[in-house]
Amino acid sequence: MRVTQQMTYNSFINDIMRRQKSILDTSRQLATGRKVNVPSDDPISADGIFSTRSVISDVEQYERNIDSGLSYLNIAENVLTGAEDVIINIHELAISHGTDTANADTRKNTAIVIQELYDELLSVANTKLDRKYIFSGYLTDTAAFDSTGAYQGDANRYRIKIGAAAYETIGITGDTVFAGSGVDIFQTVSDLVTALNSNDAPGIRSSLANLDSALRQVSDTVSEIGGRVIRLEASKESFADLKLDLTQTLSSFEDADITKVISRFQLEQTALEAALQASSRFLETNIFDYI
């Protein structure tokens with residue numbers, strides 16, 4: 001086959017354009033620090049990058065879910081621990097005013113104090129987080145209890161996703177803590193106030209057993225919360241380790257060895273300069289000076 005001048009031009013042009021593209025690709029790696037900037041750079045690594053980033057995104061969502069769950073549990077634990085203290089205080093007042101040494105006047109005065117403690121318990125039961133009632137089930141815009149101590153929420157329990165098919169129940173409904181199948185704490189305290197105002201010593205003493213049960217009821221919930229917190233913190237730690245491993249895997253797919261890239265860039269520049277010089281010596285025209 002006869003080699004024409006046009007074929008020679010085309011050969012030189014193609015060679016120089018190929019070298020220029022190689023320099024452009026290497027320059028991009030230097031600028032971004034990544035060896036894969038578009039899928040065509042390395043289709044296999046690009047697939048690994050996409051898959052790894054997808055898993056990292058899922059892990060980060062699980063971490064956000066866990067943080068949300070821990071925020072909820074921490075505030076629930078704090079306010080219910082406060083409720084324990086209130087119930088203990090009410091119990092102590094009931095003991096001291098259930099004796100024969102107490103009289104109608106002191107009992108009426110104590111009834112006022114316990115009514116204030118009742119209101120404090122009601123405030124605890126209607127605690128909000130981010131303007132949502134935390135003990136109302138899914139009815140987060142509705143106060144868990146009205147002023148009479150009647151539950152206004154539902155029985156649904158908020159839960160979070162902490163894995164592809166793993167969930168952790170977080171929500172605590174007010175009826176299970178303050179009423180439910182156990183002791184109706186608000187009714188117990190309300191009855192105690194009535195007994196104090198009526199100077200009813202036997203009625204005051206009869207409230208003690210229910211107050212003991214009320215304390216256990218709240219304490220059991222606090223312990224349950226503690227167990228959930230431990231599980232979530234363990235999951236969070238596991239996800240942190242997994243995310244570190246995934247980040248390292250992503251780096252192996254994506255990150256360029258800058259020292260090697262710089263060396264390659266210098267070699268490519270030298271090769272391009274040599275090709276340009278060779279072409280201008282070989283060809284009679286100066287067309288390559290304008291490429």
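Name the single residue, out of those in segment 140-169 being under 30 Å from A234 (Cα atoms) and of a type in the set (A, V, I, L, M), that is least open to solvent (accessible area, probe 1.4 Å).
Of everything passing the filter in segment 140-169, I160 is least open to solvent (accessible area, probe 1.4 Å).
Out of contact with any helix residue (DSSP H, G or I) (no Cβ under 6 Å at 6 or more places or on another chain), under 30 Å from V189 (Cβ atoms) and either in a helix (DSSP H, G or I) or at pLDDT 95 or above (or both), is that true of S263?
no
Any residue at all in segment 73-84 that is among the β-branched types (V, I, T) and without any contact (Cβ under 8 Å) to a residue 40 or more places away in the chain?
No, every residue in segment 73-84 fails to be among the β-branched types (V, I, T) and without any contact (Cβ under 8 Å) to a residue 40 or more places away in the chain.
Is it the case that I172 is among the aliphatic types (A, V, I, L, M), closer than 30 Å to I56 by Cβ and not in a helix (DSSP H, G or I)?
So I172 fails the test.
Could you say whether any residue in segment 170-190 is touching a residue at least 24 places away in the same chain (Cβ under 8 Å), within 30 Å of S54 (Cα to Cα), open to solvent by 20 Å² or more (accessible area, probe 1.4 Å) and of a type in the set (D, E)?
Looking for residues that are touching a residue at least 24 places away in the same chain (Cβ under 8 Å), within 30 Å of S54 (Cα to Cα), open to solvent by 20 Å² or more (accessible area, probe 1.4 Å) and of a type in the set (D, E), one finds none in segment 170-190, hence no.
Taking segment 68-103 on its own, how many of its residues are part of a helix (DSSP H, G or I) and farther than 30 Å from S235 by Cβ?
12
Out of (1) under 23 Å from A155 (Cβ atoms); (2) in a helix (DSSP H, G or I), what's the single condition that is false for L211?
(1)
Table: residues versus (1) part of a loop (DSSP other than H, G, I, E, B); (2) among the small types (G, A, S); (3) at pLDDT below 95.
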residue	(1), (2), (3)
N109	no, no, no
Q115	no, no, no
S123	no, yes, no
F135	yes, no, no
R157	yes, no, yes
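Considering only segment 63-72, state which residues are hydroxyl-bearing (S, T, Y) and either free of Cβ contacts under 8 Å to residues at least 24 places away in the same chain or within 14 Å of E224 (Cα to Cα) (or both).
Answer for segment 63-72, where residues must be hydroxyl-bearing (S, T, Y) and either free of Cβ contacts under 8 Å to residues at least 24 places away in the same chain or within 14 Å of E224 (Cα to Cα) (or both): just Y72.
One residue is enough: does segment 83-104 have a residue meeting the conditions at pLDDT below 95, within 17 Å of S207 (Cβ to Cβ), β-branched (V, I, T) and surrounded by fewer than 17 Cβ atoms within 10 Å (Cβ to Cβ)?
Within segment 83-104 (the criterion being at pLDDT below 95, within 17 Å of S207 (Cβ to Cβ), β-branched (V, I, T) and surrounded by fewer than 17 Cβ atoms within 10 Å (Cβ to Cβ)), the answer is yes, since at least one residue qualifies.
If you scan segment 40-67, which residues turn out to be part of a helix (DSSP H, G or I) and charged (D, E, K, R)?
Hits for segment 40-67 are D41, D47, R53, D58, E60, E63, R64, D67.
Every residue in segment 201-250 that is of a type outside the set (A, V, I, L, M, F, W, C), open to solvent by less than 60 Å² (accessible area, probe 1.4 Å) and closer than 26 Å to T148 by Cβ, please.
G203, S207, S213, Q217, S219, T221 - these are the residues of segment 201-250 that are of a type outside the set (A, V, I, L, M, F, W, C), open to solvent by less than 60 Å² (accessible area, probe 1.4 Å) and closer than 26 Å to T148 by Cβ.
The values are calculated or read from the model by the stated rules, or taken from the named source; none is laboratory data. If you're wondering where the values come from, they're calculated on a predicted model, not measured in any experiment. Cβ atoms come from the backbone with ideal geometry, glycine included; neighbour counts cover every protein chain shown. Areas reflect the complete protein model, heavy atoms only, side chains present, ligands, DNA and RNA absent. Shrake-Rupley method; radii C 1.70, N 1.55, O 1.52, S 1.80 Å.
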